Every structure is written in C-alpha cells, then in structure tokens.
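The values are calculated or read from the model by the stated rules, or taken from the named source; none is laboratory data. These numbers were taken from a predicted model, which means no experiment stands behind them. All Cβ positions, even for glycine, are placed from backbone atoms using ideal geometry, and neighbour counts span all protein chains on display. What goes into the accessible areas is simple: the full protein's heavy atoms, side chains included, and nothing from ligands, DNA or RNA. Shrake-Rupley method; radii C 1.70, N 1.55, O 1.52, S 1.80 Å.
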Amino acid sequence: MSLALPAVRRAPVGWYLVWVLTLVVVVGPVVPIALASLRSTPLYLPGGEFTLENFGHLLTDPAWWGAVGNSAVFAGLTTVLSVTFGVGAAVLLTRTNVPFRRLLSGVLVLPVLLPGLVLIVGWMAMWAPSGYVSSWLSLHTFVTFPVDLYTLPGMALVATTVAAPTVYLFCRGSVLAIDPALEDAARSAGARPLRALMSVTVPLLRPAALNSALLVFAVSFEVLGLPLILGFPNDITFVSTYLYGHWITAASPDQGLVSAGAMFLLVCVSGLLVLRNRLVGDTARYTTVTGRASARRTVDLGAARWGVTALFAAVLGVLVVVPLAGVVLSAFTSILTPLITPWSVLTLDNFSAISDNPIWSDSIVNSLLIAGVGGLLATLAIAVISVVAHRSTFRFRGSLQQAVLWPRMMPGLVTGMAFFWSFAILDPSGAVRASLWGIGLAFAVRSLALGYGVFYPALAAIGQDLDRAARTSGATWWQASVSVALRLSAPAMAACFLLLFVSMLNDADPAVFLVTDRTPVMGLTMLQLAATSTGGAVAAFGVVQMAITLAVLGAGRLFLGVRTHA
C-alpha cells in the first residue's frame, strides 16, 4: 500500500502538466493577436494604449470588404464545384460497374497527397492563357480553354482539383455504409436500378455532403497560395492576400490592422467549423444499417459505362494528369512552348539553379529537419495528450480533447501571426523566432488536429481492461499507458508521423510571419517564387516536393505497412 500511494499522487501532477502545456501552446498564442488588434502600437514597442481604431480602420476600408466579397464568391464556387464532382464520383466509382474504378479513384485522390502549390504551378504551365496546352489548342484547333485561370471562376476550378477529392473521401465512406437492401425495396416497387440509386442512395448522402461542403468553404475562405499567385495579375484580393499585403509587402506595415483582420478571419472560419460539427452530430435520422448489411452490389450501366468512363477519365485528365505533366515538363525544359518540341530543350539547369542558390537549397534542408524532428516530437506529444485525454480520470480531459482540435479552426496565417506575437512578447531578443524551432513549433501546432485524428481511433480500439491488468500487477498509470496502450498503438503512431511529416514538409502559411533570411522553408520559398515567376525553377521545386512526398509515403507503406487513409 505504501508503495502505491506515491504513484497515485504523482499521476495527477503529470496530467495537470500535460493539460497546462497543451493549452499554453495551442490556445495561448491566440491571446496576443487579440491584444495586438486592440493596441495603438505594436506589442514589442513601449507605450501605446487600448483602442478600437484598428477595427474601425478595417471595417471602413472598401478594399477590405472587396476582399471579403471575393473570398466568399471564390469559396462558394469552389464548394459547389467540389461537392458536385465529389459526390458524383463517390456514387459512380462505388455503386456502379464503370471499368477501371480503382485506377480512376487513385488518380482522383492523388492531389490530396501532393503539395497544393505543385498543382497550381502545373495549371499555370498548361492551362493558363499562355500555357502549353492552351496555346497548342489555339494554334492547331478551333477549341480554346473556356476558363481564364486569373479570374474567380478560374481560381475556383483550380481549387476544385484539391477540394473535390476531399468531398469524395467523405462521401465514399457513407456510400459504402448504406444498406443495398433499401435500393432493393425501391426496385420491388417498380423503380429501375439507376432510378433506385438516385432516389434512395444519393439523398442519404446529405450529411456527408453538407459536412464536406462546410469544410471546403471554410478552408477555401482562408486560402493564401492560390489567390497570391493567380489573383495578382488581375488585382483580385482575398482576405488572406489583403492581410499579407498590409504586412509582408507593405512599405509601412500596419500590424494592428492586420491583427484585427486576423481576428475576423479566425471568428469566421471557427464559426463555420463549429456549425459543421453541430450538423455532423445530428445524423441519426440517416441511419440505414441496424444489423448486418446486405452484400454490396453495383448498378449495371450497360453499354453506357464505357462512355461514362471515357468522360470521367477526360475530366481527370484536364484537372489532374495534364497539370502534373506540366510541372514535370517545365522542370526539365529550358522553355515550354508548343512552337518547340520539349525533348529538344531538355535540361537540368532548373535543378542546378536550386542547388546553386544557398537560400533555395537551405529551404529544402530546413524543411526536412522541421518535418523529421518536428514530426517525431509532435507524434510523441499527440500520443501523450491522447492517453491523458481518453484513458485517464482527469477531470479536465474534456477541455484537453477540445484543445487538440482547436488548431483545425485556426487558418494558417492566423497560426503564424499568433506565434509571431507570442515570441515578440516572451522572447524580445528574437532568438526563438529566428530559429527553426520557432517555425517548427508553429507547423506542429498547425498539424496537431491532423495527427490526432489519425492516432485517436486506433487508441480507442484498445480495451482499457489491458491497462487495468497492468495496474493490478503493480504498474503506475504512466507505466501501464506506455507499456500497453502506446505500445499496441505503434502502427497508428507510425501513420501519424508520416502524415505529420508530409504536412509539415509542404506547409507554408504559418511561416509567412516567422521565416527569416536564415530560416527559409521549402513551402514558403516556392510560394514566393510562384507569386513572382513562372520559370522552370518553380516547377523544379514542385518536382522535388512531389518526389520527397511520394518517397516518404511509399517508404511508410513498404517498410511500416502504413496506409495513409487520411
């Protein structure tokens, strides 16, 4: 008895320590943004007073409301296109007998695994008004690409390339969970197979479609890279680029105004995601399986299946295959134009330019260090937080669970600004902000919800009776958690690390306010290059990003047996 008491007393101290550190690191940085938005001078300068002038200047600026309108229109268009295509693909590739379903599905979800900037560069190289395929069509056919990429509809089309696969993944699981017996009932009443599919299965996808639609709208509303690259030529400003322009590229940065805008963005995106969570929670009326479901069957489209497959493959070719081919061609040629055959201008000079430029090459090394070391530490932190939040009797474990999900509601720009102001207050010397540790911490917090979403389901599947058995043998709570729960969830930790590595390797938005000339990172370097140039060096960076990403995911699948379903 005397040996067990110290362990019981020590365990709550550890739980409180994990709880405090999590709240300080995840939620705490938002406080300085609120303070900065209410101060007349930057937080790192003495003097100043509390004021609402920053919000007044923001809300009376016509350019700000123009940016809000553009962001809303862009997000709305992206959501409509993505939901339409994603839901249609989920039904088509899951419940019909179209040929090559596995191949088509793999091509469709490929953009989810690749850096978003890579596809933007590919779209510019191939489908921009002066792009390779657009120019070739104008020279040799009467067909022209119908959408200008440098407009709101054009940017929405590019964004659909990444957003539609997200909708597809959401809806595919729902389609697989619907009992085909419901369609059989409709067919017994006289409905044809296709009519039964459209009148029974498709309406039951409403929760998944609404869930993914709100998520796509929220993410699209705060996106930075796409409008920064494609919106600049026609002076189309979004909320994100408005904030970027008034701080990063402004001759006289207005940090109070930007902080006020960041609070507006945080409230809007958080509200959308809270609404999404509430709507997702009320799905009981769509339950269709109350016992063992019938075997899955596919709807026979007859001879039309070949035409549907050809049309779907053509759409994927335009949205995914051609842009990726454009990235590769641009990277390995000195000039990409239909007037010159690509194989006559093959070169490795674009890759040599990256290796010869110290900032560019350092950005690759820095990103690998941040992704490797930061991903490992973040994985360990997620594991510890998860066991305290879900396998302890800690009275504040509910708030810990919500804190881990909080970064999902924080746009990348807001995350970077939050840590900028936090470092400005806590580290006036700037040593931490000017180091890779500061950027890595921001990236880790940004990706926390992603890793938690991968790790927690595996942890929840492990029965707590095993922990209790270890405790009855004399183990402390921490010893039981490490030796049983964490040990058995090692494969999930491996998957968590892989996804965190890829996410942190390719992230850019949080680095906007933190990066210095001595700490460049690959995602932001490529974003800045793409915003100012369409040369081969940008495409070469894209090829490097793709190669590293696919190599890491492939190695995880080969050596660890990890399949990154998320």
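Some notes on this structure:
- Interchain or long-range residues, amide H under 5 Å from THR333's placed H: THR347
- Here the chain is treated with +1 on each Lys and Arg Cβ and -1 on each Asp and Glu Cβ, and its dipole about the Cα centre works out to around 2400 debye.
- Across all directions, the average flat footprint of the convex hull enclosing the Cα atoms of the chain is 31.1 nm².
- For HIS57, solvent-accessible area (1.4 Å; no DNA, RNA or ligand), Å²: 110
- Here the Karplus relation 6.51 cos²θ - 1.76 cosθ + 1.60, evaluated at θ = phi - 60°, turns the backbone of region 393-398 into coupling constants of 9, 4, 5, 9, 5, x Hz, with x for every Gly and Pro.
- Dimensionless Rg over Rh [region 452-566; C-alpha; Kirkwood]: 1.17
- Positive dipole terminus of region 15-166, leading residue within ALA90, ALA34, LEU77 (C-beta point charges): ALA90
- Taking 0.36 nm per residue of separation and subtracting the current Cα-Cα distance, fully stretching the chain between GLN401 and ALA63 would add 117.8 nm.
- Total formal charge among the other residues, if their Cβ is under 15 angstrom from that of SER503, Lys/Arg +1 and Asp/Glu -1: 0
- Length-normalised contact order of the chain in % [C-alpha pairs under 8 Å, at least 6 apart]: 22
- Carbon + sulfur, % of accessible area of the chain - ligands and nucleic acids excluded, 1.4 Å: 66
- Sorting TYR150, TYR242 by solvent-accessible area of protein heavy atoms yields TYR150, TYR242, largest first, with a 1.4 Å probe.
- Amide H contacts under 5 Å for VAL299, placed H, 5+ residues apart: THR96, ASN97
- Peptide ranges 249-260, 37-48, 540-551 listed from the most packed, as the mean C-beta count within 10 angstrom indicates: 540-551, 249-260, 37-48
- Mean accessible surface per residue for the chain, computed with a 1.4 Å probe while every protein chain stays in place, in Å²: 46
- Selection from SER352, SER367, THR519, by position along the positive dipole direction of the chain (Cβ): SER367
- Karplus 3J(HN,Hα) series, Hz, for region 503-514 with 6.51 cos²θ - 1.76 cosθ + 1.60 (x for Gly, Pro): 5, 6, 5, 9, 5, 9, 4, x, 7, 4, 9, 10
- Ordering PHE501, GLY536, GLY554 by Cα displacement along the dipole of region 456-565 toward the positive end leaves GLY554 in first place; charges were set at the Cβ atoms of Lys, Arg (+1) and Asp, Glu (-1).
- Cα centroid of region 415-447 to Cα centroid of region 69-93, whole Å: 35
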